[in-house]
Amino acid sequence: MQNFLPIAYFQNQFVPFAEAKISIATHALHYGTGAFGGLRGIRDPQSANNILLFRLDRHCQRLSNSAKFLHYDLPADKIQSVIVDFIKKNKPEKSFYIRPFVYTSDLGIAPRLHKIEKDFFVYGLELGDYLSPEGVNCRISSWHRQEDRSFPLRGKISGAYITSSLAKTEAVESGFDEAILLNSQGKVCEASGMNIFVVRDGKIITPGFDQDILEGITRDSIITLAKASGLEVVERAVDKSELLIADEVFLSGTAAKITPVKRIENYALPVEKPITEKLRDKLSAITENRDSNYKHWVYEVPLA
Ligand SMILES: Cc1ncc(COP(=O)(O)O)c(C=O)c1O
């Protein structure tokens, strides 16, 4: 059972989470015409009256961009001010995850995006580890990630997650923890809800934006941090065979943070993962506001 934060933002107001309900006729439920964000927040370990949100501006901008694909004009600063008020009302004690969602809220049928009501809601839940921090075993999915010519992959469009769901279930039901999806060209793309990184000979490699990936905010943070630490980062197409003989592979995402990969199919990866661990330590220091060089990535919400 999830522990939901008590207050949600729904239909332009703050209401108890249990009262934020939609109709079974809701358009987005039928056609997948929603888009969501996902951010993590924690109590500031240095100052308990503060909540810390990682890269709030980037998350709000990505959701605003996703909303554009739904023909919904929702400025990033509006999303941001609702999220900040949402935090102040909920005053979460434990680590949490915020789920802002935009969708076609109309009750009419027929797939379309014009002349249709839309809405925006926000709710949250307590969230610890999403994947085991010890690492995961991955299956190469038989399901491929969609292509940008048939799906706006720069948005986190709810309907797209049927593919992630199929891939994750296929992986788990066959004894793995997580799925790695290839793109339509057969190149490595990402996991069910995370980007992917490969380390070979001290160099970090990750599929580029032309590989049908989601533009992950954690991915962007890792690339910046790795370069600042003097590591070489290459964004390019990655073959499946590179994964199998990599020195290290890790997944990145808001929910998963940096999760090492232990095994891919029947190929065990080396147990030592120095670069993964170094980047993971750096990222946690930043999200906990312990790194003065990256305070601009951490949005502080004072609760007092
Ligand atoms: C399909 C997919 N890829 C990658 C990511 C990682 O993105 P981020 O680091 O912005 O959470 C996510 C999670 O949002 C996702 O759903």
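The values are calculated or read from the model by the stated rules, or taken from the named source; none is laboratory data. This structure is a prediction, so every number in the text was calculated from the model and none was measured. Quick reminder, even Gly has a Cβ in these numbers, built from the backbone with ideal geometry, and neighbours come from all protein chains shown. Ligands, DNA and RNA are excluded from the accessible area calculation, which covers all protein heavy atoms including side chains. Shrake-Rupley method; radii C 1.70, N 1.55, O 1.52, S 1.80 Å.
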Of the listed residues (Val271, Val238), the one being modelled with pLDDT of 95 or more, crowded, with 21+ Cβ neighbours inside 10 Å and more than 24 Å from His59 (Cα to Cα) is Val238
Looking at (1) surrounded by 20 or more Cβ atoms within 10 Å (Cβ to Cβ); (2) more than 22 Å from Asp291 (Cβ to Cβ), find the lone condition where Thr254 falls short.
-> (2)
Filter pass, Arg55 being crowded, with 17+ Cβ neighbours inside 10 Å and either under 18 Å from the mean Cα position of the chain (by Cα) or within 16 Å of the ligand (Cβ to nearest atom) (or both) = yes
Would you check which residues across region 34-52 are among the small types (Gly, Ala, Ser), more than 15 Å from the chain's Cα centre (by Cα) and modelled with pLDDT of 95 or more and list them?
-> Gly34
Has region 273-291 got any residue that is more than 16 Å from the ligand (Cβ to nearest atom) and part of a strand (DSSP E or B)?
-> no
Which of the strands (runs of 3 or more DSSP E) contained wholly in region 73-188 include at least 3 residues that are under 30 Å from Pro45 (Cα atoms) and open to solvent by less than 40 Å² (accessible area, probe 1.4 Å)?
-> 96-104, 118-126
Could you tell me which residue of region 220-235 is nearest to Arg280 (Cα to Cα), considering only residues that are within 11 Å of the ligand (Cβ to nearest atom) and open to solvent by less than 10 Å² (accessible area, probe 1.4 Å)?
-> Ile222
So which residues in region 210-266 are of a type in the set (S, T, N, Q), part of a loop (DSSP other than H, G, I, E, B) and within 19 Å of the chain's Cα centre (by Cα)?
-> Thr254
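To keep it simple, each residue is scored yes or no on (1) under 20 Å from the mean Cα position of the chain (by Cα); (2) more than 16 Å from the ligand (Cβ to nearest atom).
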{"site": "His59", "(1), (2)": "yes, no"}
{"site": "Lys68", "(1), (2)": "yes, yes"}
{"site": "Tyr72", "(1), (2)": "no, yes"}
{"site": "Ile87", "(1), (2)": "yes, yes"}
Could you give me the residue pairs with C-beta distances under 9 Å whose first residue belongs to region 12-32 and is not assigned by TED's automatic domain parsing to the domain that holds Thr104, whose second residue is outside any strand (DSSP E or B) and surrounded by 13 or more Cβ atoms within 10 Å (Cβ to Cβ) wherever it lies, and which are 6+ apart or on separate chains?
-> none
Identify all residues within region 196-219 that are within 18 Å of Lys282 (Cα to Cα) and near the ligand (Cβ under 8 Å from one of its atoms); write none if there are none.
-> Gly216, Ile217, Thr218, Arg219
Test Ile7 against the stated conditions and say whether it is within 23 Å of Asn90 (Cα to Cα) and in contact with a Pro (Cβ under 9 Å, 6 or more places away or on another chain).
-> yes
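If the requirement is being closer than 20 Å to Leu153 by Cα and touching a residue at least 24 places away in the same chain (Cβ under 8 Å), which of these qualifies: Arg58, Arg43?
On the way: Arg43 fails: closer than 20 Å to Leu153 by Cα.
One residue alone meets the criteria, Arg58.
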